[in-house]
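What follows is a short report on a single structure.
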Amino acid sequence: MSIFDASGHEQVVFCHDPDSGLRAVIAIYSTALGPALGGTRFRPYAGEDEAVTDVLHLAEGMAYKNAIAGLDHGGGKAVIWGDPATDKTEALLRAYGRFVDSLGGRYVTACDVGTYVEDMDVVARESVHVTGRSPEAGGAGDSSILTAFGVFQAMRAAARHRWGTDDLAGRTVGVAGIGKVGRHLIPHLTEAGADVVATDVSAAARDWATEHYPGVRLVSDADELIASGLHVYAPCALGGVLNERSIKVMDAEIVCGAANNQLSDASIATELERAGILYCPDYVVNSGGVVQVADEYGGGFDFERAKRRTARIFETTAQILDRSKSEGVTPEAAAESIAEERMTAVGRLQRLRLFR
């Protein structure tokens, strides 16, 4: 993929340190609202083109996520090309931290797939432009706690929009993925009186659910889950799960989950609308995590403050769904327009140069 074909990105940086084996790409989509904030993904990509395509797409998504979350951050993302199980070393992470630092604060990194709070602690030894660190290092720790809380708030807003009440008692919610976010979402749902059906590819995750929440009904896979008489489907694992095939067999009235990039392609938003399924845009629903790491980077993490900010996802989701209905557009289109309006309105302030 040609970098110059990627319209809108401000900067793309290739990072290479042969001695440590570092091969990374940092993409900055926009700094209109402030320093670009987004996590570092560590994956064994099939090739350079796949890595570049992924980071460009993710960086753009972060710009919209941060804008809709009301943060003073633009959008960026980074990918490290390699197998985190075998290639991740202190030297590689610190070399990566040097590249992050070289951008002078234009990009702020955090955890993503394949990286964890302990990795950010290592990266932070080379740069101050790191968030999502461990509590021992002065950071906020696991961001999946507030991510799950935000998903629950969005789900309540969607329920009110569809059924006239935000009460989930008696509703059947299907959780696909009992990993970082799913296992924190399940307690919110059970405490709200929802009937939870769940699945995960990991036997350990399924065993955890059986031990801690015996009332959760487990099914074999995602295909069985979406046909389990659901009111709400919450994809919290892999992306691309919403496609023409899954829509045809899905019986849920609402889709509201934490997984990134849930739509297999942009046309699926319209297909969901035609099928009468209310889709809550994933980057709105899962923005609690970025709210948390932004609070940490702002100088002194406060969990209760970050939780209050995450609770606003209820109002944001409601605003998006109301605009979608009033303007006759998909929720995805409504969310994009709200984010773009903020990036334009606030971003233009950077052009003001006031001198005493």
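The values are calculated or read from the model by the stated rules, or taken from the named source; none is laboratory data. Here the structure is a predicted model, which is why all the values come from computation and not from measurement. Backbone-built Cβ (ideal geometry, glycine too); neighbour counts: all protein chains shown.
Per-structure values
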{"read-out": "Subset of segment 105-119 (residues that are part of a loop (DSSP other than H, G, I, E, B), in contact (Cβ under 8 Å) with a residue 24 or more places away in the chain and not polar (S, T, N, Q))", "value": "105, 106, 110, 112, 113, 114"}
{"read-out": "Every residue from segment 310-338 that is more than 20 Å from residue 268 (Cα to Cα) and surrounded by 20 or more Cβ atoms within 10 Å (Cβ to Cβ)", "value": "310, 313, 316"}
{"read-out": "Any hit, segment 120-135, residues being assigned by TED's automatic domain parsing to the domain that holds residue 46, at positive phi and assigned to a loop (DSSP other than H, G, I, E, B)", "value": "yes"}
{"read-out": "Residue match in segment 278-290 (condition: polar (S, T, N, Q) and free of Cβ contacts under 8 Å to residues at least 12 places away in the same chain)", "value": "no"}
{"read-out": "Test: residue 120 is closer than 21 Å to residue 184 by Cβ, at pLDDT 95 or above and in contact with an Asp or Glu (Cβ under 9 Å, 6 or more places away or on another chain)", "value": "no"}
{"read-out": "Conditions (1) part of a helix (DSSP H, G or I); (2) touching a residue at least 24 places away in the same chain (Cβ under 8 Å); number of the one not met by residue 301", "value": "(1)"}
{"read-out": "Criterion (modelled with pLDDT of 95 or more, buried (at least 17 other Cβ atoms within 10 Å of the Cβ) and assigned to a helix (DSSP H, G or I)) met by exactly one of 27, 91, 67", "value": "67"}
{"read-out": "When residues of segment 318-352 are limited to those that are in a loop (DSSP other than H, G, I, E, B) and not hydrophobic (A, V, I, L, M, F, W, C), the one farthest from the chain's Cα centre (by Cα)", "value": "328"}
{"read-out": "Failed item, numbered, when residue 300 is tested on (1) outside the structural domain of residue 181 (by TED's automatic domain parsing); (2) touching a helix residue (DSSP H, G or I) at 6+ places or on another chain (Cβ under 8 Å); (3) not charged (D, E, K, R)", "value": "(2)"}
{"read-out": "Elements of type helices (runs of 4 or more DSSP H) in segment 164-270, at least 1 residues being closer than 20 Å to residue 280 by Cα and in contact (Cβ under 8 Å) with a residue 60 or more places away in the chain", "value": "182-191"}
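For every residue, the table says whether it meets (1) surrounded by fewer than 21 Cβ atoms within 10 Å (Cβ to Cβ); (2) within 20 Å of residue 153 (Cβ to Cβ).
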residue: 175; (1), (2): no, yes
residue: 186; (1), (2): no, yes
residue: 190; (1), (2): yes, yes
residue: 193; (1), (2): yes, yes
residue: 216; (1), (2): yes, no
residue: 219; (1), (2): yes, no
residue: 251; (1), (2): yes, no
residue: 256; (1), (2): no, yes
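One line per residue, one yes/no per condition, for (1) free of Cβ contacts under 8 Å to residues at least 60 places away in the same chain; (2) surrounded by fewer than 24 Cβ atoms within 10 Å (Cβ to Cβ):
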residue: 125; (1), (2): yes, yes
residue: 144; (1), (2): no, yes
residue: 148; (1), (2): no, no
residue: 158; (1), (2): no, no
